[in-house]
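Student: Have a look at the structure that comes next, please.
The values are calculated or read from the model by the stated rules, or taken from the named source; none is laboratory data. Small disclaimer: the values here were computed from a predicted structure and weren't measured. So basically every Cβ, Gly included, is an ideal-geometry build from the backbone, and we count neighbours across all protein chains shown.
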Amino acid sequence: MIINLIAFQIGWFSCILGSAFHHPWLGVLVTLIVLLMNVLSSNAPIHQARFLIATMMIGIFFDSIPMHLGWIEFMQVTYWPDVLPPPWMIALWGLFASTINISLAWLKEKMGLASILGAIAGPLSYWSGARLGAIHIANSNMAMLYLSIGWAIAVPVLFKLASPAQPLISSKD
């Protein structure tokens, strides 16, 4: 659990500071290493890899909305299409997902608390990224409202996606 928390922090700061100091691909590289370690150490590596990829796809959709509405502005990344959130932001979604079954596992049975924490910690993470120079929040009221509601929904959804599917027929039948 401690290693998972430390790996998350290393990845988060690599992405945020990499973007702020115009080295966004460095954060992506560091985060991909963290995610690879997460998958390889998982009890269900194929499920974990699928979960991380699904979460990153959700992140693309989620972050595209305030980006296209002009509420959040990301610095452009070389060799990356401007219509998508930057690769380091997508990597951060995978990084967050890597904590769901380990350091955040204690929240699995507490979906109300998970939702509240998502509503607070999600926007706080974006605000911190803005304070460190990785993003610009152009319309803070609308962006924070969107992020708060979105993360309040996203965190419980991600917990549901993180659980391996239950078999349709049990071995007892």
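Student: Over 14 Å from the mean Cα position of the chain (by Cα), at pLDDT below 95 and buried (at least 20 other Cβ atoms within 10 Å of the Cβ) - does that describe any residue in segment 61-71?
Tutor: Among the residues of segment 61-71, not one is over 14 Å from the mean Cα position of the chain (by Cα), at pLDDT below 95 and buried (at least 20 other Cβ atoms within 10 Å of the Cβ), which makes the answer no.
Student: Let me ask you something else. Kindly provide the set of residues from segment 19-29 that are in a helix (DSSP H, G or I) and surrounded by fewer than 21 Cβ atoms within 10 Å (Cβ to Cβ), ordered by number.
Tutor: Answer for segment 19-29, where residues must be in a helix (DSSP H, G or I) and surrounded by fewer than 21 Cβ atoms within 10 Å (Cβ to Cβ): A20, W25, L26, L29.
Student: Continuing with the same structure: Among the residues of segment 126-139, which ones are surrounded by fewer than 15 Cβ atoms within 10 Å (Cβ to Cβ) and either touching a Cys at 6+ places or on another chain (Cβ under 6 Å) or free of Cβ contacts under 8 Å to residues at least 60 places away in the same chain (or both)?
Tutor: R131
Residues are listed down the side, and each one gets a yes or a no for (1) free of Cβ contacts under 8 Å to residues at least 12 places away in the same chain; (2) assigned to a helix (DSSP H, G or I):
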{"position": "A7", "(1), (2)": "no, yes"}
{"position": "I10", "(1), (2)": "no, yes"}
{"position": "T31", "(1), (2)": "no, yes"}
{"position": "M37", "(1), (2)": "no, yes"}
{"position": "L52", "(1), (2)": "no, yes"}
{"position": "G59", "(1), (2)": "no, yes"}
{"position": "Y79", "(1), (2)": "yes, no"}
{"position": "A91", "(1), (2)": "no, yes"}
{"position": "S103", "(1), (2)": "no, no"}
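Student: Follow-up. Give just the number: which of (1) polar (S, T, N, Q); (2) surrounded by 20 or more Cβ atoms within 10 Å (Cβ to Cβ); (3) within 21 Å of S140 (Cα to Cα) does Q48 not satisfy?
Tutor: (3)
Student: Would you point out the residue of segment 106-115, among those that are touching a residue at least 24 places away in the same chain (Cβ under 8 Å) and assigned to a helix (DSSP H, G or I), that is farthest from H23 (Cα to Cα)?
Tutor: Ranking the candidates gives M111 first.
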